[in-house]
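Take a look at the structure below.
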Amino acid sequence: MTAAAWTCLFAPAAAVLAIALAGNRLSRFGAGLVASGATGVSFVAAVVTFVLLLGKDAGERSQTSTLWTWLSAGDLRFGAEIAIDPLSVFMMLVVSGVGFLILSYAVGYMHGDEEERRYHAYKALFVFSMLLLVQAGNLLLLLAGWGLVGLSSYLLINFWHFRHTAVAAGKKAFVMNAVGDATFALALFLLIQEAGALDFRSTLGEGVLEEGSTVATLVALGLLGGAVAKSAQVPLHTWLPDAMEGPTPVSALIHAATMVTAGVYLIARTAPLFEAAPAVHDLAGILGAVTLLLAGLIALVQTDIKRVIAYSTMSQIGYMFVGVGLGAYGAGLFHLMTHAFFKALLFMAAGIVIHALAAEQDIRRMGGLARGLPLTYRAFLVGALALAAVPPFSGFFSKDAILASAANAGALGWALWAAGIVGAFLTALYTFRLLFVVFAGEPSPFVREHLHVARFEGGLAMAWPVGVLALLAAVGGLLQIPGVWHAVDDWLHPVVESIEEAGGVTAVVSGVLALAAALAGIALAWALYARPGERPALLRTRYRRTARSLERKLYFDEAYDAAFYEPSSRLPLALFRVVEDPLFLRSLGGLGSGVRDVSGRVAAAQTGLVRSYVLALAAGLAVLAVVFLLVS
Amino acid sequence: MLGPGIAAYLVLSVVLFATGALGVLVRRSPLIVLLALEIMLNAGNLALIAFSRQLGDGDGQIFALTVMVVAAAEAVVGLGLIVAVSRKRVDLDVDRLTALRG
Amino acid sequence: MILAEIDAGNVLAWVVWVVAALALLSSGLAVVLFANPFYSALALIANLASLAVLYLLLNAEFVAAAQVLVYAGAVVVMFLFVIAYLGGRADAPWAGGPTLQAVAAVVATGAIAVEVVVVIALKAGDRLSDTAALDDSFGSPAEIGTLFLSDHLLAFEVTSIVLLVAAIGGVILGSALPREHRAEGGRD
């Protein structure tokens, strides 16, 4: 079993090395096959691990496997160790499974790109990093994976390095993530001080940190900072929409299905630390609720097909944060899984649309694509229904699980529940706005001119992963049905204990209300966008100010610009003008020319006349003799 | 000891030394500068021999002989330089040899 | 009291000393003052010869002989050869009236001479009055040779190396032609 788990971890790393070392000897297509094949091996290994764990008793499913001592400093020892337990295996399955599908899709999507090999190597590097993150057996190794996914995300966002916007987006993502990495690292320092180690057993046990103490709060805040940055939650969310500059499979894998959900995994993994700091734990849920509302609102007015889905991702991760913030870890991770399915599906369907329309991403130029791309339309529809949480598609069950848990978590729970219901309405509205604008009605002039449909609408390589994901998005939710069975909760039970969901009437009312909100959103979207009309434009003119601030993403970028960028770029300029230039640059120049002046004059004494030198010697001797005379 | 005491020799030596130094300082012909240098060296030798006699120790004479050797070597090199300079069709005037001007 | 000590040998020694000292100083001045280097070189011979006489008075017979042989016989002859080779170009008449440099030189050298004389007269006179008694071998070639090959062997050997280097240097300086001559087909 440990062998399988290590295989799962190292297969993508081997693929990176193979692609990097083989260079031109490996064809571009071959590089894609190596990357996706290695991820497939990872998935098989994850399944083997899962099946072997399934054969054990629930209490014996957690174990650690150490290969060697990775770092040692004084009394501290950190092994290269992986944790094999239900939580990590759950994440391994999601990461390697969805990763395999997306890497296979990418072989088709990136076909013909000049730097395809580099792309596939980065992609495999990302899968390795993500697996390291979820399999790490101690928090330090987890941090290493955490940083590595940030790195590979950066590399992939500006993969098209000739685009200035892509490079800027990559830098932005890296810097925002670095803020989170820093708070994460600070939390680990505090933990080392308190617990003397970073392995899960000694840090996540009972009573490591006193509940409600300052240290516990600081540790939890640090971890939350890391989680918020990586998962693009308010206030560190601004990098995610810009990250859509990367190739679409990157958006699907990193910025929808896996990396951005790492924050949710982190909170679930370090649940005891958060439970020791209830205020921070609640804060996680509140931030999630704020994010899901803000992102939902902003998504309503975005016009770039990938950005709409990106804001939707933020919003859905907000739901997961609500879940794990309230202690409903099973529900949060369940939503993580279904979200990975349907969001990857939506991105990949969007990728097919973008491919078919000569890289056009503006939905205002699209329309009526259902006729030209019927299979894609159906896949997108499945994803949209799952995202909008319409039963029996997967999103309904996972979102319902979060809402039902919230309904059983006291006053704060009810507040977050209300936000979730509003969010469900917004989700349905923006999702179906996107669907109707892109696919419904008559083909737009742009579409008529540029639509180019390949066999299977994007080629077989792109079509089959979409089909598989559509299937998963449709039925994946049946794993756990609130009030009926809780496969995910039960599986995760040995690692994290979720709170009880509301039962009985409350659960039914909650589910019905969520469904009603979703249907209302769909209906409104149908009324506004199903046929081209004046109503959206009218609404926009009536609420011009609101619309504009939403289109400017609520001015977060501008605020950060004013708060951080402007001062830090003006301060050095001012310092240069006031301090450095007069104090250092000019004084150095003055010193130099002064020395040159003086030495020019001193050089005049070097006449080159030997006689004058000798005279100086003789005169010196005469003076010296006088000195001797006086002294002796 | 016959004749005047050591002090007389030393006075003679220093006057001779001053004469040689004067020659080095005021003459511009490198040849005469070299000759004056020889005088200075010999003034030193005279003092060495005088002290050797005063102390009854032969080491001073050894010193004087060594100085002679050095003087001979110096004369060889100095004269060689003078010949080399004269081949360059440069005036034999130490005040014109100012290539080392700073 | 001084007269009482005068005997015939001592008087002769005084006379020789005075004559040698006068010859020494006057020939030294002549070396410095002659305009023609040829005369200067000749005056140097006289200078060296009178020095050799003084050495004899100081019981340094071997050094006196070496002085005459090495200096007067070899070094000065070398000077004369070079002066003859250079011909008229070697002449260096006085530049004229005393320049500042010349005045300063006279002052400096005069000061040195006066100071040392004052030191000898005032401070060291007493200590210089009594001289050591000598045995017969003092200053003889045998004793010099013994000293050179025992206590001062290193200096002796180093001296030979210095001479060798000087000889090589002299050959190189004397034989190296300026570049333009070489280009015209001169010796390599």
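Some notes on this structure:
- Residue that is farthest from A:G330 (Cα to Cα) [pool: residues in the stretch A:66-90 that are aliphatic (A, V, I, L, M) and part of a strand (DSSP E or B)]: A:A73
- When A:A473, A:A419, A:A406, A:A461 are checked against the criterion of being closer than 30 Å to A:S36 by Cα, of a type in the set (G, A, S) and in contact with a Leu (Cβ under 7 Å, 6 or more places away or on another chain), A:A473 stands alone in meeting it.
- Flag for C:S26 being closer than 17 Å to B:A18 by Cβ and modelled with pLDDT of 85 or more: yes
- Residue check for A:T49: modelled with pLDDT of 90 or more, in contact with a Pro (Cβ under 8 Å, 6 or more places away or on another chain) and hydroxyl-bearing (S, T, Y): no
- Pairs, first over 20 Å from A:L550 (Cβ atoms) in the stretch A:223-243, second among the charged types (D, E, K, R) and surrounded by fewer than 24 Cβ atoms within 10 Å (Cβ to Cβ), C-beta under 7 Å, six or more apart: A:G226/A:D181
- Test: residue in the stretch C:133-147 that is at the interface with another protein chain (Cβ under 7 Å from one of its Cβ atoms), within 30 Å of B:R87 (Cα to Cα) and modelled with pLDDT under 85: no
- Of the helices (runs of 4 or more DSSP H) entirely within the stretch C:1-76, those holding at least 1 residues that are more than 10 Å from chain B (Cβ to nearest Cβ) and under 12 Å from the mean Cα position of the chain (by Cα) occupy C:37-57.
- Condition check for C:L80: farther than 20 Å from B:V69 by Cβ, in contact with a helix residue (DSSP H, G or I) (Cβ under 8 Å, 6 or more places away or on another chain) and facing chain B (nearest Cβ under 7 Å): no
- Test for B:S29: is it closer than 30 Å to C:L12 by Cα and of a type in the set (S, T, Y): no
- Residue check for B:R53: in contact (Cβ under 8 Å) with a residue 24 or more places away in the chain, among the charged types (D, E, K, R) and over 24 Å from C:A30 (Cα atoms): yes
- The stretch A:597-621 residues that are farther than 17 Å from B:D95 by Cα, paired with ones that are part of a loop (DSSP other than H, G, I, E, B) (beta carbon under 6 Å, 6 or more apart): A:A603/B:G102
- Matching option when the condition is surrounded by fewer than 21 Cβ atoms within 10 Å (Cβ to Cβ), over 21 Å from A:L253 (Cβ atoms) and either in contact with an Asp or Glu (Cβ under 8 Å, 6 or more places away or on another chain) or basic (K, R) (or both), among A:L76, A:L21, A:L26, A:L67: A:L67
- If you filter the stretch A:183-218 down to residues that are more than 12 Å from A:E275 (Cα to Cα) and of a type in the set (D, E, K, R), you find that the one that is farthest from the chain's Cα centre (by Cα) is A:E194.
- For the residues B:L12, B:L34, the requirement of being surrounded by 21 or more Cβ atoms within 10 Å (Cβ to Cβ), in contact with a Leu (Cβ under 8 Å, 6 or more places away or on another chain) and closer than 30 Å to C:A84 by Cβ singles out B:L34.
- Residues that are among the aromatic types (F, W, Y) and touching a helix residue (DSSP H, G or I) at 6+ places or on another chain (Cβ under 8 Å), drawn from the stretch A:1-51: A:F10, A:F29, A:F43, A:F50
- Where A:V614 falls short, out of the listed (1) over 30 Å from A:G441 (Cα atoms); (2) among the β-branched types (V, I, T); (3) loosely packed, with under 13 Cβ neighbours inside 10 Å: (3)
- The one condition in (1) modelled with pLDDT under 85; (2) surrounded by fewer than 12 Cβ atoms within 10 Å (Cβ to Cβ); (3) among the aliphatic types (A, V, I, L, M) that C:A90 fails to fulfil: (2)
- Any chance A:A379 is closer than 23 Å to A:L528 by Cα and hydrophobic (A, V, I, L, M, F, W, C): yes
- Residue within the stretch A:331-347 that is within 19 Å of A:E457 (Cα to Cα), surrounded by fewer than 24 Cβ atoms within 10 Å (Cβ to Cβ) and touching a residue at least 60 places away in the same chain (Cβ under 8 Å) present: no
- Residue count for the stretch A:45-64, restricted to those that are of a type in the set (A, V, I, L, M), free of Cβ contacts under 8 Å to residues at least 60 places away in the same chain and surrounded by fewer than 17 Cβ atoms within 10 Å (Cβ to Cβ): 4.
- Per-region count, the stretch A:541-553, residues over 32 Å from the mean Cα position of the chain (by Cα) and under 17 Å from A:R433 (Cβ atoms): 1
The values are calculated or read from the model by the stated rules, or taken from the named source; none is laboratory data. In this text, all values refer to a predicted model and were calculated from it rather than measured experimentally. A quick note on method: Cβ atoms are made from the backbone with ideal geometry, for glycine too, and the neighbour counts reach across all protein chains shown.
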